[in-house]
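Below is one structure, written out as structure tokens, with a few remarks after it.
Please treat every number below as a calculation from the coordinates, not as lab data. Everything numeric in this text was worked out from a predicted model, so none of it was measured. Backbone-built Cβ (ideal geometry, glycine too); neighbour counts: all protein chains shown.
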Amino acid sequence: MQNFKGKTAVVTGAASGIGKAVATRLAAEGMNVVLADIEQTALDRVVSELKAAGRSVFGVRTDVSKAEAIEHLARVTTETFGAIHLVHNNAGVVTAGRAEQLSIADYEWVLGVDLWSVIHGVRTFLPLLEASGEGHMINTASTAGLMASPNIAPYNIAKFGVVALTETVARELEMRNSPIGVSVLCPGAINTQIVFSDRNRPQASAEHHQDSVEEQQFKQRAGGLLANQGMAPEQVADMIVNAVQSKQFWILTHPDWKRVMRRRVDAMCDTDSLITDFGG
Ligand SMILES: NC(=O)c1ccc[n+]([C@@H]2O[C@H](COP(=O)([O-])OP(=O)(O)OC[C@H]3O[C@@H](n4cnc5c(N)ncnc54)[C@H](O)[C@@H]3O)[C@@H](O)[C@H]2O)c1
């Protein structure tokens, strides 16, 4: 898709971080933008800012882990703006702890928000994009969807799943010569609020939750890294606009990760490699 003006986009997780930057950029490009997020106050604030700048936007409080909520989001978008041309399935959360010690509720929360949301997004929005005759879907994974890091098992599982689902969709679209483009966003460290995901932890997961040592360490380390060295989310929004215009599938925000991925594949293909050599 080359031109954005006058077309319609839906962005999830749009009240903060990457989603906010993407929604802001697409609205500035002249798109009608529907911002979806679970945090009503933050969502209202971003929508008011964009409206004050004269943008064509509205917000829909959405829990992306629920199929009915995504269907409702699609319905109100088409009722208001008609055809949908761009969808960014982006909302996400993270929690940390040893794989065998995290609760079922922790796994369900992270897999619900980070993976099921994208499954719902594909099932609901892909047919609508195809019906529009032109469009693009971007799914936010992570470098954690390319190589697993310790202490964030639910996040790794979800993000590998998002990469797998998006690759599948890309191949299926290609097989039927569809004009719709699809990209998987694999960010490295970006300066956002993701480390404070607990603010959206549902009651089932919050009830018995206490930060483990691993979680405390994760919050401290990742929090410091994102705040001090994280890329600005606006730079990610630029990359997304370029990827949509050039129909680029992979969006790796940090070029260093190409080297890491080459090492990983080499380690995988090297029959003499030790089981401990993950290629990182
Ligand atoms: N920040 C990074 O370094 C980084 C790296 C790799 C991938 N990512 C991914 O980028 C995406 C955006 O995260 P971010 O870094 O901008 O974090 P963020 O916390 O700033 O933004 C995430 C947004 O998702 C929303 N959200 C949480 N649960 C939700 C739910 N159930 N339904 C709807 N919205 C919900 C939050 O309210 C928030 O506005 C996530 O998928 C995250 O995994 C981030």
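Does the range 15-31 include one or more residues that are β-branched (Val, Ile, Thr) and more than 16 Å from THR192 (Cβ to Cβ)?
Here is the first cut: in the range 15-31, the residues β-branched (Val, Ile, Thr) are 18, 22, 24.
So of that shortlist, the ones also more than 16 Å from THR192 (Cβ to Cβ) come out as none.
Scanning the range 15-31, I find no residue that is β-branched (Val, Ile, Thr) and more than 16 Å from THR192 (Cβ to Cβ), so the answer is no.
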Q: For ALA69, work out the one condition from (1) touching a strand residue (DSSP E or B) at 6+ places or on another chain (Cβ under 7 Å); (2) more than 22 Å from GLN193 (Cα to Cα) it doesn't fulfil.
A: (1)
Q: For the range 55-96, enumerate the residues that are away from the ligand (no atom under 15 Å from the Cβ) and in a loop (DSSP other than H, G, I, E, B).
A: ARG55, SER56, GLY82, ALA83, ILE84, HIS85
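Does the range 88-106 contain any residue that is in contact (Cβ under 8 Å) with a residue 40 or more places away in the chain, among the hydroxyl-bearing types (Ser, Thr, Tyr) and surrounded by 20 or more Cβ atoms within 10 Å (Cβ to Cβ)?
Filtering the range 88-106 for residues in contact (Cβ under 8 Å) with a residue 40 or more places away in the chain gives 88-99, 101-103, 105-106.
After this cut, where a residue has to be among the hydroxyl-bearing types (Ser, Thr, Tyr) as well, the list is 95, 103.
Now restrict to residues that are surrounded by 20 or more Cβ atoms within 10 Å (Cβ to Cβ): 95.
Within the range 88-106, one or more residues are in contact (Cβ under 8 Å) with a residue 40 or more places away in the chain, among the hydroxyl-bearing types (Ser, Thr, Tyr) and surrounded by 20 or more Cβ atoms within 10 Å (Cβ to Cβ).
Counting residues that are closer than 22 Å to THR24 by Cα, which helices (runs of 4 or more DSSP H) fully inside the range 193-280 reach at least 2? Quick ask: steps written out before the conclusion?
Values: elements: 203-206, 213-229, 233-246, 256-269.
Because the criterion is at least 2 residues that are closer than 22 Å to THR24 by Cα, the helices (runs of 4 or more DSSP H) in the range 193-280 that meet it are 213-229, 233-246.
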Q: Would you check which residues across the range 76-105 are under 20 Å from GLU130 (Cβ atoms), out of contact with any Gly (no Cβ under 9 Å at 6 or more places or on another chain) and of a type outside the set (Val, Ile, Thr) and list them?
A: GLU79, PHE81, GLY82
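Being in contact with a Ser or Thr (Cβ under 6 Å, 6 or more places away or on another chain) and either of a type in the set (Gly, Ala, Ser) or within 14 Å of the ligand (Cβ to nearest atom) (or both) is the filter here, so list the residues in the range 19-40 that pass it.
Those that are in contact with a Ser or Thr (Cβ under 6 Å, 6 or more places away or on another chain) and either of a type in the set (Gly, Ala, Ser) or within 14 Å of the ligand (Cβ to nearest atom) (or both): VAL34, ALA36.
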Q.
Condition first: farther than 15 Å from VAL182 by Cα and either in contact with a strand residue (DSSP E or B) (Cβ under 6 Å, 6 or more places away or on another chain) or hydrophobic (A, V, I, L, M, F, W, C) (or both). Now tell me which residues in the range 234-252 satisfy that.
A. VAL236, ALA237
